[in-house]
Amino acid sequence: MTYDADAIIIGAGGGGPVAAKALGELGLKTLLLEAGPWYGHKKWPRPNEERGPQGDNNPANLSSELLRKCFTDNEDDMNNYVTGKFRWGHADRNRPPWFRYIPSGGFIWQSSGVGGTTLLYFANSPRAFPGAVDDLWPISYRTLLPYYEKVEATLPVVAAPMTAKEELFFFGAQKAGWPRLKTRNVTSPGYRPQPNAIFSPPPQITDLQYKFNGAETGCTLRGHCINGCSIGPTVAKTAKRSTFASYVPLALNTGAVEIRPNTFVTRILTATEKGSLVATGVSFRDTWTGHTGELNAKVVIVAAGAIETPRLWHNSHLPYNPWVGKGLTNHWFDCISGIFAEQDLMQILGMPDVKPYVGQNSAARFDYPGLGVLQGLGLSPGLFASFLYTLSDSYDFLRRPDPAVPWNFCGKVTGDKLARLMQDYPRTLSILLFTDDEVNQHNGVSFSSFLQDEHGPIPVVTYRPGHKDKQKRDKLAAIAADILKKAGAKSILRADCAPYLFAHMQSTMRMGYVVDEDCETLQVKRLYIADNSVLNNSLGGPNPTLTTQALATRTAEKLAHKYFGGV
Amino acid sequence: MLGNFFTAVGSLFQFLFQRKVLPQTAAVFEALAESITPLPGNPVSAGSERDKYAAAYYIYTLDHYVSLKVCFKPSTFGLANAAAKMLNMAAKQLIDSGKNEHPADSAFASAHGMFAALHTKDRCRVISLLEHLQVDLAGLPVPFYKNPGTVLAVVSILTMLGSAGHYSEWTGYGATRSGPPAARKLVQFPAGWQQVGYPGPAKGYHGLRGCLRDKFSE
Ligand SMILES: Cc1cc2nc3c(=O)[nH]c(=O)nc-3n(C[C@H](O)[C@H](O)[C@H](O)COP(=O)(O)OP(=O)(O)OC[C@H]3O[C@@H](n4cnc5c(N)ncnc54)[C@H](O)[C@@H]3O)c2cc1C
């Protein structure tokens, strides 16, 4: 049999390019297939308007000039759910997005494109809490450590720089009596700078006369992590280390990896070999022309994300497994904010505002193993208003006043009140909350043959956090309010987000249930998974990508050993 | 019974084949924008240029939100007309059940629909009823008719769309907003940014205040 590649990887998001780089370095011919566009590339100068060629493997074609043209910094242009450049949809924004149905309401924030959802992520790269891995996962935390270290060195991950909003956050946390954490292996509560996959600021940052031009090496603190970071002299040196800027150039440098954007995989192909089912390749559809084709390889790695990976399993009619698509965790978010008086800020910071649009979107954090995570949040105003004031399923003005709660507002705020609160935008410090939510088999992705798009039955997503999740979230919210109060906030707002915001979807193809400890699927040999779906649980609350990337590194090593003799 | 059936079939046909934005649809979304993000110091913004922008934002988003394959062909389902009708019908249910706190302007209702005739706070009460499925779902148009999932899927994003439309750069697009996404250009400084003191995107800030700790220790 002739093969198109040694390995085919489906999806160039948080996990896929990590596996591609590792396999490429071993000299294995690897095809990385991505459903969305490729930004910052000379072969696709107008990625949202023209199909361009089929694929490319030349790192010299990456272009930071083109990247800056594509990433306009405008939040609606970049992040609109329907037409944004970072949406789950076709490269051509005149076409509708690819629909997912969430019967309990909300929206799934994922992006197609080379870089996947890391195109817009904050690059917070903490490790899992050891206590959420040991004795729960099939592998130990210690097993993960060398892979964490490798990814942290490759991205790289560094302590985030401090701007006014972080200083205020740390001031509050310290006054509230929490210790400063000095380890990446967190076993007790405390605060610390975010371990971010963002280059440290360039030396010019302290030269007040210096005018930034976007080609600096390092973070210029301009607050657009979420709207697309294009700061850097080359794509490979872009300040925020989305995989399109980190692992993708490294994978291309190996000379063994080709990336094909605009290629939607619709099916995993299998055959029976010596009585067991093995993966042999994929069927795909060119998203611009609609042409379909097949590619085969010795090994297939799915890295399509926590929703599309189970979808591919289902749409490929792979064997039944009661955990496929099930056990979704998502950190049930919330957001607690404080509004400060100018004179108080003058006293604490020596300036009258905190300017949430200055600095990395999230550069301070507070970890609490057993409950979850709090982290600083500062955004441009459209996204800021959405996070703070719109994600609840009840209105502040319809609540019965409760003097026992530490917040002055809770729930959706609209009308005059919203206009007034938004006038305090420059003096608002926000804290995002991630709950250590528990795995529940009722939560997850299912499919109905009734609802289909051009790629097959679409995902129907269910997520109802449990009673314990609510308790943890409420405790964390109270801690966040206390930190803000201690920092001197005059009023406190709780967004009280319904479980509407899907941004940390994980654990839908859990290790130990759908894949083995090397991330090969239990029921189909030569089929591996390298994205958030293999995480066994919610990690205790920490942001998932670093752990996915550590596992993807390990998975590539394991599969090379098993099927390519270690090369 | 039979009447219900014909109404449901009629609304299914309208949903599938009505492509034009109905006049009341724009009125409903202008009213929604007015209740979520009124212009500061001006609680009644109905009919303002800003509300027209906001309504266009709602309508574009909802009309491009859902695409499914029907009879082997991908089709986009315009949701704006149906969602506006749902808000009008739920508004009527709010009034019928006496849950509105302010009287509705019935003269206004006949031209612009019941939702727009409500006080801004009562419009939020309508959304709240829908969010908690406290409406008679059999009284709603297709695709919301007896379908709690589609009601929640749409209602849960309405407030967010209002604030995103107002506080993002959208209002700066001027007339180019009605073009395809690639043709939109910022022609003026967005009103929402001005209101909140956001200076607009910059290439960098001299905002560094040191580092809490330069290195992690293990
Ligand atoms: C606003 C926001 C901020 C975030 N910030 C952080 C953060 O700071 N730190 C953190 O750890 N996490 C963060 N996350 C989450 C982070 O983005 C994800 O954990 C990460 O991207 C997941 O990687 P993945 O490979 O599982 O999926 P994705 O990154 O979503 O990648 C999946 C890729 O597969 C492609 N694909 C899907 N189906 C197919 C198919 N059938 N054929 C071909 N290609 C396909 C997709 O187009 C996509 O490119 C954030 C998320 C959001 C929304």
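The rows are residues; the columns are (1) more than 7 Å from chain B (Cβ to nearest Cβ); (2) free of Cβ contacts under 8 Å to residues at least 24 places away in the same chain.
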| site | (1), (2) |
| --- | --- |
| A:Y357 | no, no |
| A:Q360 | yes, no |
| A:G376 | yes, no |
| A:G382 | no, no |
| A:L398 | no, yes |
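Considering only segment A:1-25, state which residues are part of a loop (DSSP other than H, G, I, E, B) and surrounded by fewer than 20 Cβ atoms within 10 Å (Cβ to Cβ). Answer for segment A:1-25, where residues must be part of a loop (DSSP other than H, G, I, E, B) and surrounded by fewer than 20 Cβ atoms within 10 Å (Cβ to Cβ): A:M1, A:T2, A:Y3, A:D4. From the list B:A104, B:A55, B:A111, B:A116, the lone residue that is open to solvent by less than 60 Å² (accessible area, probe 1.4 Å) and either touching an Asp or Glu at 6+ places or on another chain (Cβ under 6 Å) or assigned to a helix (DSSP H, G or I) (or both) is B:A55. Within segment A:1-34, if we keep just the residues that are more than 9 Å from the ligand (Cβ to nearest atom) and among the small types (G, A, S), the residue that is farthest from the other protein chains (Cβ to nearest Cβ) turns out to be A:G27.
Counting only strands (runs of 3 or more DSSP E) that sit wholly inside segment A:319-383, those with at least 1 residues that are more than 16 Å from the chain's Cα centre (by Cα) and β-branched (V, I, T) are A:334-339.
Counting the residues of segment A:35-80 that are under 17 Å from A:G115 (Cα atoms) and within 14 Å of the ligand (Cβ to nearest atom) gives 9. Residues that are in a loop (DSSP other than H, G, I, E, B), under 30 Å from A:S63 (Cβ atoms) and more than 9 Å from chain B (Cβ to nearest Cβ): does segment A:177-192 have at least one? Checked against the condition, which is being in a loop (DSSP other than H, G, I, E, B), under 30 Å from A:S63 (Cβ atoms) and more than 9 Å from chain B (Cβ to nearest Cβ), segment A:177-192 yields no hits at all.
Counting the residues of segment B:139-148 that are at pLDDT 95 or above and part of a helix (DSSP H, G or I) gives 1.
Number of residues in segment A:93-110 that are open to solvent by 10 Å² or more (accessible area, probe 1.4 Å) and either on the phi > 0 side of the Ramachandran plot or under 13 Å from the mean Cα position of the chain (by Cα) (or both) equals 2. If you go through segment A:194-210 and keep only what is more than 30 Å from A:G14 (Cα to Cα) and of a type in the set (A, V, I, L, M, F, W, C), you end up with just A:L208.
Checking each residue of segment A:515-523 against the condition of being closer than 30 Å to B:G197 by Cβ and surrounded by 21 or more Cβ atoms within 10 Å (Cβ to Cβ) gives no match. What are the residues in segment A:255-273 that are on the phi > 0 side of the Ramachandran plot and open to solvent by less than 30 Å² (accessible area, probe 1.4 Å), if any? Within segment A:255-273, A:N262 is the sole residue that qualifies.
Take A:A173 and decide whether it is modelled with pLDDT of 95 or more, over 21 Å from A:S242 (Cβ atoms) and either assigned by TED's automatic domain parsing to the domain that holds A:G131 or surrounded by 24 or more Cβ atoms within 10 Å (Cβ to Cβ) (or both). Judged against the criteria, A:A173 is a match. Here B:K203 does not fit the description of being in a loop (DSSP other than H, G, I, E, B) and either away from every other protein chain (no Cβ under 11 Å) or in contact (Cβ under 8 Å) with a residue 60 or more places away in the chain (or both). Filtering segment A:334-352 to residues that are closer than 29 Å to A:A503 by Cα and either more than 16 Å from the ligand (Cβ to nearest atom) or open to solvent by 10 Å² or more (accessible area, probe 1.4 Å) (or both) leaves A:I336, A:S337, A:G338, A:I339, A:F340.
When A:L252 is tested against (1) within 28 Å of A:P59 (Cβ to Cβ); (2) open to solvent by 10 Å² or more (accessible area, probe 1.4 Å); (3) not polar (S, T, N, Q), just one condition goes unmet, and that condition is (2). The residues of segment A:245-303 that are within 14 Å of another protein chain (Cβ to nearest Cβ), within 11 Å of the ligand (Cβ to nearest atom) and among the aromatic types (F, W, Y) amount to a single one, A:F264. Within segment A:96-113, being more than 7 Å from the ligand (Cβ to nearest atom) and either closer than 30 Å to A:A251 by Cα or in the same structural domain as A:F447 (by TED's automatic domain parsing) (or both) holds for A:P97, A:W98, A:I108. Can you say whether A:T555 is of a type in the set (S, T, N, Q), crowded, with 24+ Cβ neighbours inside 10 Å and more than 9 Å from the ligand (Cβ to nearest atom), as far as the supplied structure shows? Against the criterion (of a type in the set (S, T, N, Q), crowded, with 24+ Cβ neighbours inside 10 Å and more than 9 Å from the ligand (Cβ to nearest atom)), A:T555 qualifies. You will find that of A:D482, A:D474, the residue that is over 26 Å from A:E342 (Cα atoms), open to solvent by 10 Å² or more (accessible area, probe 1.4 Å) and not in a loop (DSSP other than H, G, I, E, B) is A:D474 and no other. Look at (1) open to solvent by 10 Å² or more (accessible area, probe 1.4 Å); (2) closer than 30 Å to B:E169 by Cα and you find that A:P403 fails only one, number (2). Condition check for A:F264 on (1) touching a residue at least 12 places away in the same chain (Cβ under 8 Å); (2) part of a strand (DSSP E or B); (3) within 24 Å of A:K525 (Cβ to Cβ): one failure, at (3). On the stretch given as segment A:66-92, residues that are crowded, with 22+ Cβ neighbours inside 10 Å, charged (D, E, K, R) and part of a helix (DSSP H, G or I) total 3. Close contacts from segment A:539-567, counting a first residue that is over 18 Å from A:T117 (Cβ atoms) and a second that is of a type outside the set (A, V, I, L, M) and assigned to a helix (DSSP H, G or I), with Cβ to Cβ under 6 Å and a gap of 6+ residues or different chains, come to A:T553/A:Y147; A:T553/A:K150; A:R554/A:Y147. Inside segment A:274-318, residues that are open to solvent by 40 Å² or more (accessible area, probe 1.4 Å) and more than 20 Å from A:N262 (Cα to Cα) make up a count of 7. Test A:E152 against the criterion of being within 16 Å of the ligand (Cβ to nearest atom) and open to solvent by less than 10 Å² (accessible area, probe 1.4 Å), and give yes or no. When the stated conditions are applied, A:E152 does not pass them.
The values are calculated or read from the model by the stated rules, or taken from the named source; none is laboratory data. Because the structure is a prediction, the values reported are computed rather than measured. Counting neighbours? That spans all protein chains shown, and the Cβs are built from the backbone with ideal geometry, glycine included. Quick note on the areas: whole protein, heavy atoms, side chains included, nothing else; ligands and nucleic acids left out. Shrake-Rupley method; radii C 1.70, N 1.55, O 1.52, S 1.80 Å.
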